[in-house]
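Derivation of every value follows stated rules applied to the coordinates shown; laboratory data play no part. The structure displayed is predicted, hence computed values, not measured ones. Please note: Cβ atoms are built from the backbone with ideal geometry, for glycine as well, and neighbour counts cover all protein chains shown.
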Amino acid sequence: MDFYSSNISEAVIRRLTNYLHCLRLSRKKGRTLLTSSDISGTCGLKPSTIRKDLAQFGAYGVRGQGYDIEELTKHLNKILGIDRKKDVVLVGAGNLGTAMIKHPGFMRANFRFAAAFDNDPGKIGTLIGDTEILDVRDLNAFIKKKHIGIMVLTVPSPEAAAIVDDLDPAHVRGILNFTSEIFPRKKHGMYIHNIDLARELEIISFCMKHCLS
């Protein structure tokens with residue numbers, strides 16, 4: 001089944017990532033089975049919603065027992081395309097980019113930073129942990145040679161559009177954009193997810209005012 005072509009909404013995919021996070025936490029605690037009510041307590045969603053979401057992807061629990069954590073984890077990993085390690089490149093080795101590379105959650109989710117890129121001569125050739133910083137002029141050649149499909153963008157916003165426009169969509173198919181430049185969700189055959197941390201705080205500010213009563 002081609003899950004991407006099945007008109008599954010992004011909201012459902014986001015919930016799947018929450019379920020996967022819950023499964024990982026429960027596995028660390030030594031649990032082997034998890035009910036939809038257990039997942040509900042962590043994710044804050046109705047058990048019926050969880051069962052419906054998982055059933056769309058062929059995952060059914062055993063009545064009275066729940067879901068086998070190991071099997072459901074493997075199933076969700078495959079659905080999300082992270083059942084094998086994916087190499088990622090980062091462009092913009094500033095403070096945010098450095099923090100991203102050092103964040104252990106990416107490795108746990110099967111993502112590895114193959115390299116970072118920057119235009120600062122003082123950074124080129126140095127390391128962030130085990131990740132080497134290379135010249136941004138070599139970005140496309142590296143992507144082609146290493147078959148990189150995902151890029152994380154943490155450059156200053158005025159530089160973002162030129163970098164994205166210069167990419168070859170035959171190789172890079174997904175971009176996680178942390179700049180304040182807003183790209184369309186789909187551009188040049190690539191999927192772009194925009195995250196502006198200031199806008200996220202604006203949402204929190206709104207919800208503090210209107211969503212707590």
Per DSSP, loop chymotrypsin sites (Phe, Trp or Tyr not before Pro) in the stretch 59-136 with at most 16 further Cβ within 10 Å: 60
Cβ-Cβ FRET estimate between residue 142 and residue 42, R0 fixed at 45 Å, reported to 0.05: 0.70
Stretch in the chain that is longest and holds no trypsin sites (Lys or Arg not before Pro) that DSSP places in a loop and that have at most 15 other beta carbons within 10 Å: 86-172
At 7 Å along Cα-to-Cβ for each site, give me the label-to-label distance between residue 130 and residue 212 in nm. 4.3 nm
Determine the sum of side-chain charges near residue 9: Lys and Arg each +1, Asp and Glu each -1, restricted to other residues whose C-beta is under 15 angstrom from that of residue 9. +2
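On a 28 Å Cα-Cα criterion, which of the cross-link pairs 52/78; 145/187; 187/209 come out too long?
Beyond 28 Å between Cα atoms: 187/209.
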So which cysteines of the chain have no other cysteine's Cβ under 4.7 Å from theirs? 22, 43
If you wrap a convex hull around the alpha carbons of the stretch 37-78, what volume per residue comes out, as a whole number of Å³? 73 Å³
Amide H of residue 132: which non-local residues (sequence gap of 5 or more, or other chain) have their own amide H closer than 5 Å, using H built in the peptide plane? 116
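Looking at the chain from every direction and averaging, what is the projected area of its Cα convex hull in nm²?
So the Cα hull casts an average projection of 14.2 nm².
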Shape parameters for the stretch 3-79, alpha-carbon atoms, Rg then Dmax in Å: 11.5, 36
I need the Kirkwood Rh of the stretch 54-116: take the reciprocal of the average 1/r across all distinct C-alpha pairs and report it in angstrom. 13.8 Å
State the antiparallel share, in %, of DSSP beta bridges confined to the chain, rounding to the nearest 5. 25 percent
Counting pairwise Cα distances across the stretch 86-199, what percent come out greater than 23 angstrom? 20 percent
One would report the antiparallel percent of DSSP beta bridges in the stretch 114-213, rounded to the nearest 5, as 25 percent
Two-site label geometry, residue 77 and residue 120: point separation in nm, points 7 Å out along Cα→Cβ: 3.6 nm
